[in-house]
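Derivation of every value follows stated rules applied to the coordinates shown; laboratory data play no part. For clarity, every value in this text was computed on a predicted model and none was experimentally measured. Because the Cβ atoms are built from the backbone with ideal geometry, glycine has one as well, and the counts that use them run over all protein chains shown.
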Amino acid sequence: MEYEDCEEEIIHEEKIIDTKKKLLNEDTIFEVSNLYKVFSDETRLKILNALLISELCVCDISEILGMTHSSISHQLKVLRDLKLVKAKKIGKSVFYSLKDDHIQKIIEIGVEHINEK
């Protein structure tokens with residue numbers, strides 16, 4: 001049984017007041033929205049997926065995904081700006097990895113949700 005609308009309009013004042021007090025502020029809503037936009041881009045998600053497995057340089061990611069260095073670099077800049085990946089220089093190479101385990105959890109939860117039956 002699915003319900004779409006109430007059969008009569010009743011305002012539940014206490015629930016409204018309580019909910020309004022607990023709502024996220026506009027700045028937080030904006031930042032979370034931008035975070036999830038990153039995950040809606042297939043290329044960025046592929047990069048994050050690869051970085052879940054191993055620390056990689058641009059050349060490695062480019063080869064794995066079959067894309068140009070410049071397109072990978074561009075996407076890595078977006079991911080760095082949103083603090084999803086970090087970089088470290090070793091010799092002449094720059095290696096990228098996930099910034100923290102939150103990113104892994106976000107991806108895992110998304111995959112788990114998709115695989116639900």
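How many angstrom lie between the Cα centre of segment 10-79 and the Cα centre of segment 92-117?
If we compute the Cα centre of each part, the gap is 10 Å.
Evaluate Rg over Rh across segment 25-115, taking Cα atoms for both radii and Kirkwood's formula for Rh. Walk me through the numbers on the way to the answer.
Working: Rg = 13.5 Å, Rh = 13.7 Å.
Reported Rg/Rh (Cα atoms, Kirkwood Rh): 0.98.
In a GNM of the chain with a 10 Å cut-off on Cα contacts, which of 99, 21, 77 has the highest mean-square fluctuation?
Of the options given, 21 has the highest mean-square fluctuation.
So how tilted is helix 42-53 from the main axis of the chain? Cα-based, degrees 0 to 90, rounded to 10.
70 degrees
What is the dipole size for segment 25-115, taken about its Cα centre, with +1 at each Lys and Arg Cβ and -1 at each Asp and Glu Cβ, in debye to the nearest 20? Walk me through the numbers before you get to the answer.
Details: 12 positive and 13 negative charges, 95 e Å.
It works out to roughly 460 debye.
Using a Gaussian network model on the chain with a 10 Å cutoff between Cα atoms, which of 51, 84, 24 fluctuates the most?
Highest fluctuation among the options: 24.
With each run of n ≥ 4 DSSP H residues scored as -39500 (n - 2.57), what mean residue ellipticity at 222 nm is computed for the chain after dividing by its residue count and rounding to the nearest 500 deg cm²/dmol? Let's see the in-between values first.
Working: 6 runs with 72 residues, N = 117.
Rounded to the nearest 500, the figure is -19000 deg cm²/dmol.
Which of the lysines could a cross-linker span from residue 88 if the Cα-Cα distance has to be under 28 Å and same-chain partners fewer than 8 positions apart are dropped?
37, 46, 77, 99, 105
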